[in-house]
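Engineer: Dropping the structure in here first, questions after.
Read-outs throughout are calculated quantities, based only on the coordinates presented, and are distinct from any laboratory measurement. Remember, predicted model here, so these are calculated numbers, not experimental data. In this analysis, Cβ positions are derived from the backbone assuming ideal geometry, glycine residues included, and neighbour counts consider all displayed protein chains.
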Amino acid sequence: AVNSAGAGQFSLPTRAATPPSSPDAVQGLRAVAQATSLAVSWSAPSDNGSEISGYSVCVNEKPPVQLGPDETELTVPDLQPDTQYKVRVRACNAVGPGPYSAPLRVVTGSLPPNPPRIECVHNQATSLKLRWGDGRNADLLQYQIEMAASSVDSGWQVVYQGSSHSTRLTRLAELTDYHFRIRATNEAGSGPYSSPFCFSTGKAHPPAMKPPRLSELTQDSCRVDWAGLRPMGRDSIVYVYRGSDQSCKLTCLNPNTEYQVRVAAARRCSETGDELIGAFSQGVVFITRAGSVLASSTNPTTASSGSSSSSSSSALRYSIGGRGGAGWSEQRLAAVLLAAFGVTALVVSLLLNYL
């Protein structure tokens with residue numbers, strides 16, 4: 001106590017305690033979002049005189065998840081991808097539950113994309129062109145294609161990575177099955193592989209042949225010889241004059257006429273009988289010998305085999321064309337008459353100017 005004489009002595013100390021209350025609001029709430037789950041964590045708040053007995057976690061309007069006093073994190077499963085969720089947490093003690101934390105809004109991520117379907121749009125003997133998707137890539141997906149030769153058990157190797165929707169694979173083997181699988185990747189990660197797709201390479205066309213050789217040239221015929229090609233697998237090589245020989249004789253030609261001969265090989269498929277025509281050789285030009293009587297231009301040019309083998313099993317492709325040689329053709333005569341008329345007109349013009 002204090003009076004005019006001064007302050008007196010302090011009384012003996014007396015202890016008093018306020019009653020405990022519910023915990024404070026949870027602080028430091030944070031969450032890491034996956035495509036179908038949330039990893040939520042927080043910091044323990046003040047217990048206000050009564051130990052925390054547990055936590056309640058609410059996600060949207062779902063029933064609260066009850067946790068123990070030492071648990072300050074929770075993984076929430078079975079959520080929808082690309083969906084916003086509101087998370088709240090509160091602590092509880094013997095007095096009662098504290099207030100909920102400020103809501104934390106989190107959007108779950110996207111699922112990894114499903115694999116598209118692969119189709120083969122063009123196959124050749126040593127290449128395949130593959131295409132997938134619809135040609136648009138608004139989601140900026142990355143694609144990975146793997147290939148296995150002969151069977152899926154032989155091992156997969158990456159043959160394409162990128163954002164395109166097509167690719168051409170080269171340096172493949174003829175008449176071979178190749179297996180492919182594809183997966184797509186986005187920000188959420190890589191999706192599953194597709195089921196294997198199987199595509200086969202085709203048959204190669206025969207290579208270009210060497211120019212043919214000419215002999216036995218007469219007024220109306222010529223013998224043509226060429227170097228043959230080896231069979232391609234089980235398929236025979238045929239030449240176009242309808243025969244498998246490596247020579248033929250062209251008859252019914254016009255005398256003193258220029259011709260050009262070229263030859264190509266055809267691969268006759270053993271399974272279907274179809275023919276794959278190769279490139280033609282370079283042309284060989286020759287002129288038939290002059291004759292006393294001009295042959296008719298309507299006579300057909302024919303080809304006959306140089307041996308007695310059957311022509312039903314093969315075929316020699318040759319191209320032949322001709323143009324008139326020496327002698328006054330109608331075109332040449334017309335050109336001379338036209339030139340003479342021009343000279344005459346020029347002379348008459350000069351005379352008129354002079355007079």
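Engineer: Kindly put ARG168, ARG267, ARG183 in sequence by how many other C-beta atoms sit within 10 Å of each C-beta, fewest to most. Walk me through the intermediate numbers first.
Structural biologist: On the way: ARG168 12, ARG267 22, ARG183 19.
Sorted ascending by nearby Cβ count, the order is ARG168, ARG183, ARG267.
Engineer: Turning to a different aspect of this structure: Which FRET efficiency, nearest 0.05, do GLN142 and SER46 yield, Cβ-Cβ r, R0 51 Å? Display every interim value, and only then the final one.
Structural biologist: Details: r = 49 Å, r/R0 = 0.97.
It comes out at approximately 0.55.
Engineer: What base-10 log of the normalised intensity I(q)/I(0) is obtained for the range 118-200 from the Debye formula, alpha carbons as equal point scatterers, at q = 0.27 Å⁻¹?
Structural biologist: At q = 0.27 Å⁻¹ the computed log10 ratios are -1.46.
Engineer: Hey, what do the phi angles of the range 107-112 turn into as Karplus ³J(HN,Hα) couplings, whole Hz, using 6.51/-1.76/1.60 and θ = phi - 60°, x for Gly and Pro?
Structural biologist: These are the phi-based 3J(HN,Hα) values: 10, 5, x, 8, 6, x Hz.
Engineer: So for the range 165-221, what percent of the C-alpha to C-alpha distances run longer than 14 Å?
Structural biologist: 75 percent
Engineer: Hey, what did the range 27-107 get for relative contact order, percent, Cα under 8 Å, at least 6 apart?
Structural biologist: Working: 161 pairs, mean separation 26.9, N = 81.
In percent, rounded to a whole number, it is 33.
Engineer: Taking the Cα centre of the range 1-126 as the origin, how large is its charge dipole in debye, to the nearest 20, when only Lys and Arg (+1) and Asp and Glu (-1) carry charge on their Cβ atoms? Could you put the intermediate results ahead of the total?
Structural biologist: Numbers: 8 positive and 10 negative charges, 57 e Å.
The dipole magnitude comes to about 280 debye.
Engineer: Under a cut-off of 30 Å between alpha-carbon atoms, report the lysines in cross-link reach of LYS129, not counting same-chain residues fewer than 8 places apart.
Structural biologist: Answer for LYS129, where 30 Å is the Cα cut-off: LYS203, listed by chain and number.
Engineer: What's the center-to-center distance, using Cα atoms, between the range 140-168 and the range 40-62 in Å?
Structural biologist: The range 140-168 and the range 40-62 have Cα centres separated by 50 Å.
Engineer: Based on the mean of other Cβ atoms within 10 Å per residue, sort peptides 123-134, 63-74, 226-237 so the most packed one is first. Walk me through the numbers before you get to the answer.
Structural biologist: Values: 123-134: 16.8, 63-74: 13.5, 226-237: 15.1.
Packing order, densest peptide first, comes out as 123-134, 226-237, 63-74.
Engineer: Subtracting the Cα-Cα distance from 0.36 nm times the residue separation, let me have the gained length for THR272 to ARG15 in nm, one decimal. It would help to have the intermediate numbers written out before the result.
Structural biologist: On the way: separation 257, 0.36 × 257 = 92.52 nm, distance 10.90 nm.
Answer, rounded to one decimal: 81.6 nm.
Engineer: Separate question: In nm², what is the average projected area of the convex hull enclosing the Cα atoms of the range 27-107?
Structural biologist: Details: hull surface 19.5 nm².
The directionally averaged projection comes out at 4.9 nm².
Engineer: On a full-extension model of 0.36 nm per residue, what is the gain between ALA35 and VAL343, subtracting their alpha-carbon distance, rounded to one decimal in nm? Write out the running numbers ahead of the final one.
Structural biologist: Values: separation 308, 0.36 × 308 = 110.88 nm, distance 9.35 nm.
Here the segment from ALA35 to VAL343 would lengthen by 101.5 nm.
Engineer: List the lysines whose alpha-carbon lies under 21 Å from that of LYS86, not counting same-chain residues fewer than 8 positions away?
Structural biologist: The reachable lysines, counting only those whose Cα sits under 21 Å from LYS86, are LYS62.
Engineer: Another one. Using a Förster distance of 45 angstrom, determine the FRET efficiency expected from the C-beta separation of THR126 and SER215, and round it to 0.05.
Structural biologist: So, using R0 = 45 Å, E works out to roughly 0.75.
Engineer: Using Cα pairs under 8 angstrom and six or more residues apart, how large is the relative contact order of the range 118-200, in percent? Present the calculation step by step, with values, prior to reporting the outcome.
Structural biologist: Details: 163 pairs, mean separation 26.3, N = 83.
Taking the mean separation of contacting Cα pairs over the length of the range 118-200, I get 32 percent.
Engineer: I've got another one for you. Sorted by mean Cβ packing within 10 Å, highest first, what order do the peptides 246-258, 93-105 take?
Structural biologist: Top to bottom by mean Cβ count within 10 Å: 246-258, 93-105.
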